[in-house]
């Protein structure tokens, strides 16, 4: 067996519009699909192995970076309007997908902009500096407190 790449990474969110304000508006991702889907049409929708509780529908947004020549994975943001979403985001040392990571050209400028716009840093920016005061990565929390990492491009 051989896989050829990652197709997408899905995040269940409590409020799709708040998440779109973060991923689309703050990070500059492009929405290529935004739709409400009936769960009866979804494969495995009634499976208790896949869903914690049954849902009548879901709202989904596919968000991409429009980077020429790069068809990399995209994010699928899903919510279940009218239904409570259970669970807590995990930390880096817990089982599961612990974070999403993005490469940026100017890490310091991104950090300054996100902080100025009120995005909560996971700790303090000084936590991410080495002995020389350099920062090669840092983490913030998205609207659902999911960890989002930014790394300096080489």
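The values are calculated or read from the model by the stated rules, or taken from the named source; none is laboratory data. In this text, all values refer to a predicted model and were calculated from it rather than measured experimentally. In this analysis, Cβ positions are derived from the backbone assuming ideal geometry, glycine residues included, and neighbour counts consider all displayed protein chains.
Does residue 63 qualify as being outside the structural domain of residue 36 (by TED's automatic domain parsing) and buried (at least 16 other Cβ atoms within 10 Å of the Cβ)? Criteria not met by residue 63.
Return the residue satisfying two criteria in turn: it lies in segment 129-145 and is part of a loop (DSSP other than H, G, I, E, B) and in contact with a strand residue (DSSP E or B) (Cβ under 7 Å, 6 or more places away or on another chain), and of such residues it is surrounded by the fewest Cβ atoms within 10 Å (Cβ to Cβ). Before you say what the answer is, go through the steps one by one.
Going residue by residue through segment 129-145, those that are part of a loop (DSSP other than H, G, I, E, B) are 130-134, 136, 142-145.
Remaining after also requiring in contact with a strand residue (DSSP E or B) (Cβ under 7 Å, 6 or more places away or on another chain): 136, 142.
Numbers: 136: 12, 142: 23.
Going through the qualifying residues, I end up with 136.
Residue count for segment 37-47 under the criterion of being surrounded by 13 or more Cβ atoms within 10 Å (Cβ to Cβ) and part of a strand (DSSP E or B): the result is 1. If the condition is being in contact with a strand residue (DSSP E or B) (Cβ under 9 Å, 6 or more places away or on another chain) and in a helix (DSSP H, G or I), then segment 115-125 contributes 115, 125. Applying the set (1) outside any loop (DSSP other than H, G, I, E, B); (2) in the same structural domain as residue 25 (by TED's automatic domain parsing); (3) touching a residue at least 24 places away in the same chain (Cβ under 8 Å) to residue 58 leaves exactly one unmet item: (3).
Taking residue 85 as the residue in question, decide whether it is at pLDDT 90 or above and either part of a helix (DSSP H, G or I) or within 16 Å of residue 19 (Cα to Cα) (or both). Taking the combined requirement at face value, the residue does not satisfy it.
Restricted to segment 91-105, and to residues there that are in contact (Cβ under 8 Å) with a residue 24 or more places away in the chain and not in a strand (DSSP E or B), the residue that is farthest from residue 52 (Cα to Cα) is 105.
Given the structure, is residue 112 assigned by TED's automatic domain parsing to the domain that holds residue 153, outside any strand (DSSP E or B) and surrounded by fewer than 16 Cβ atoms within 10 Å (Cβ to Cβ)? Yes. In the set (1) assigned to a strand (DSSP E or B); (2) buried (at least 16 other Cβ atoms within 10 Å of the Cβ); (3) modelled with pLDDT of 95 or more, residue 24 fails one condition alone, (1).
In this structure, residue 45 does not qualify as over 30 Å from residue 154 (Cα atoms), out of contact with any helix residue (DSSP H, G or I) (no Cβ under 8 Å at 6 or more places or on another chain) and either outside the structural domain of residue 138 (by TED's automatic domain parsing) or free of Cβ contacts under 8 Å to residues at least 12 places away in the same chain (or both).
Table: residues versus (1) under 28 Å from residue 152 (Cα atoms); (2) at pLDDT below 90.
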site: 7; (1), (2): yes, yes
site: 59; (1), (2): no, no
site: 62; (1), (2): yes, no
site: 72; (1), (2): yes, yes
site: 76; (1), (2): yes, no
site: 101; (1), (2): yes, no
